[in-house]
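The values are calculated or read from the model by the stated rules, or taken from the named source; none is laboratory data. Here the structure is a predicted model, which means the values were calculated and not measured. Cβ: placed from backbone, ideal geometry, glycine included. Neighbour counts: every protein chain shown.
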Amino acid sequence: MSTLGKRKDCNQNVCENGHPKQESNLQQVKKIVRPFFVAVHVGAGYHSPASSNANYRAMRRACMAAAAVLSEAGGSSLDAVVSALKVLEDDEITNAGRGSNLTEEGSVECDASIIDGLTGAFGAIGAAPGFSNPIEVAAALAKQSQRGLLPFGRIPPVFLVGDGARDWALKQNIPVIEDSAEARRRLISKRAEKQWRHYTRMIESYNSAAENVPKGQTSSLQPGNCCGTSATLQASNEEIVDAEKDSSQEQGYGEDLVLDTVGAIAVDSDGNIAAGASSGGIAMKVKGRVGLAAQYGCGCWASSGRQPERTSVAACASGAGEILIRALAARESCNLAQTSEEGPATACKSFLSKLVDEQSAFGSTDDAGLLLVQLNTPQEKSDTSQPKLRGVELVAAFTSKSFGVGYYGSLMKTPKTQIFRNSNSSNKRPSEKVCVFGANVMNSR
């Protein structure tokens, strides 16, 4: 009998060594009958074309991880967001967890937050050292707040920073890298270290030149021309990337990572929506800086249509954190999408256009991106014969040079991923540089 014939006689669920076969995430998700939707992003900023494939792989795996959670009975949108973001944090191509941008001192301090649209539960950590998966801590804080008061009527915390976040995580048996040398080995990628060394030399060069200016004379040096903004750092490193991409064999090596957050949005079969964000922050940030990804209403927002006239909606914001924080970007973009008669795509474009025009007075970079998901129609509570999750509208709006987005619905064969690039002229007004992508995705028949 041929080898092929022998294989047909074997148990198809058992390997040659007699152990049960392990199904891949893709095989598991193909069996899904429960509607779901998930969307992720890898930041608004600059993504070198050389890193495109690595970013696509990271986003696909994140979508599949979330889908695997949502396919299980009782799988929640909150847990799906955690699973997606852990994949992105573990991949050093992103600016979150391992591979994060470094502080001025050359260390990793992470921000993360998560919100459950159904209950409003929120959890966040900021400027936290020693975490490869900071989203786990944020999620644990959110879940603790859902359980009610602590002993003696104390209110449970929802936002912890620095060493306090690390100490709390240890008490909850959440993995923490306590040794600083081990943290450097596990969290700092070669690319991030190289980027940090390059920026450090730039700053030292500027400081040295400034010290040599004779007393009484006005220096012609402008900090912004050296390292005053993330946009200037970004432009400098793009030149290095272009010069090195032919000689470097390591994927993404030398790549620019002056981005802010990565984010994820998940919707379960009941239409409950959740969102989360995770970040290493801007490159060369001041130690202790808490960025967009950690702050309430800024890095992520979600609302599961608790008001009858409003649909479920969630958003993640990314880019120059300081301008987006002032605008409560994620929450305000959701509110505008829920009340706009022109649809979420127009709402997101209007929000970003107004934002970057108003914030130009602060002299900030105009890098910004929004990933927003909205259920197409308000959920009908009385009709139990139809799935509560049917169609969603996905919107990606951005002003930055690029914005990486992936999404996956229960009727799709595989996740779709794309790094959108902004072709608008740099001499346009910031509000005229907003690019928008939109898609309607059906998730049940």
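Can you spot a residue in region 129-139 that is of a type outside the set (Val, Ile, Thr) and without any contact (Cβ under 8 Å) to a residue 40 or more places away in the chain? Checked against the condition, which is being of a type outside the set (Val, Ile, Thr) and without any contact (Cβ under 8 Å) to a residue 40 or more places away in the chain, region 129-139 yields no hits at all.
The number of residues in region 297-307 being at pLDDT 95 or above and either in contact with a Leu (Cβ under 8 Å, 6 or more places away or on another chain) or closer than 14 Å to THR261 by Cβ (or both) comes to 5. When the criteria are applied in full, GLU255 fails the requirement of being out of contact with any helix residue (DSSP H, G or I) (no Cβ under 8 Å at 6 or more places or on another chain) and either among the acidic types (Asp, Glu) or at pLDDT below 95 (or both). A residue that is surrounded by 24 or more Cβ atoms within 10 Å (Cβ to Cβ) and closer than 25 Å to GLN374 by Cα can be found somewhere in region 94-112.
Residues in region 326-344 that are on the phi < 0 side of the Ramachandran plot, in contact with a strand residue (DSSP E or B) (Cβ under 9 Å, 6 or more places away or on another chain) and among the aliphatic types (A, V, I, L, M) were compared, and the one that is surrounded by the fewest Cβ atoms within 10 Å (Cβ to Cβ) is ALA327.
Could you tell me whether ALA84 is surrounded by fewer than 22 Cβ atoms within 10 Å (Cβ to Cβ) and of a type in the set (A, V, I, L, M)? The answer is no for ALA84.
Sub-7 Å Cβ pairs linking a first residue in region 166-195 that is closer than 16 Å to GLY123 by Cα to a second residue that is aliphatic (A, V, I, L, M), at least 6 apart or interchain, are ARG166/ALA128; ARG166/VAL176; TRP168/LEU160; ALA169/VAL137; ALA169/VAL176; GLN172/ALA140; ILE174/VAL137; ILE174/ALA140, ordered by first then second residue. For region 421-445, the candidate set comprises residues that are surrounded by fewer than 18 Cβ atoms within 10 Å (Cβ to Cβ) and within 17 Å of ALA347 (Cα to Cα); within that set, the residue that is modelled with the lowest pLDDT is GLU432.
Any residue at all in region 183-192 that is modelled with pLDDT of 75 or more, over 30 Å from LYS143 (Cα atoms) and surrounded by fewer than 12 Cβ atoms within 10 Å (Cβ to Cβ)? Yes: region 183-192 contains one or more residues that are modelled with pLDDT of 75 or more, over 30 Å from LYS143 (Cα atoms) and surrounded by fewer than 12 Cβ atoms within 10 Å (Cβ to Cβ). Give region 306-323 a look and list any residue that's touching a helix residue (DSSP H, G or I) at 6+ places or on another chain (Cβ under 9 Å) and either without any contact (Cβ under 8 Å) to a residue 60 or more places away in the chain or surrounded by fewer than 24 Cβ atoms within 10 Å (Cβ to Cβ) (or both), or say none. Residues satisfying the conditions are GLN307, GLU309, ARG310, THR311, ALA315, ALA317, GLU322, ILE323. So, in region 113-137, exactly how many residues are surrounded by 24 or more Cβ atoms within 10 Å (Cβ to Cβ) and small (Gly, Ala, Ser)? So the answer is 7. Here ALA73 meets the list (1) among the aliphatic types (A, V, I, L, M); (2) at pLDDT 90 or above; (3) within 29 Å of LEU141 (Cβ to Cβ) almost entirely, failing just condition (2).
Search region 392-428 for residues being part of a loop (DSSP other than H, G, I, E, B) and touching a helix residue (DSSP H, G or I) at 6+ places or on another chain (Cβ under 7 Å), and hand back the single one that is farthest from ASP268 (Cα to Cα). Only one residue tops the list, namely ASN424. Among the residues of region 146-183, those identified as assigned to a helix (DSSP H, G or I) and polar (S, T, N, Q) are GLN146, SER180.
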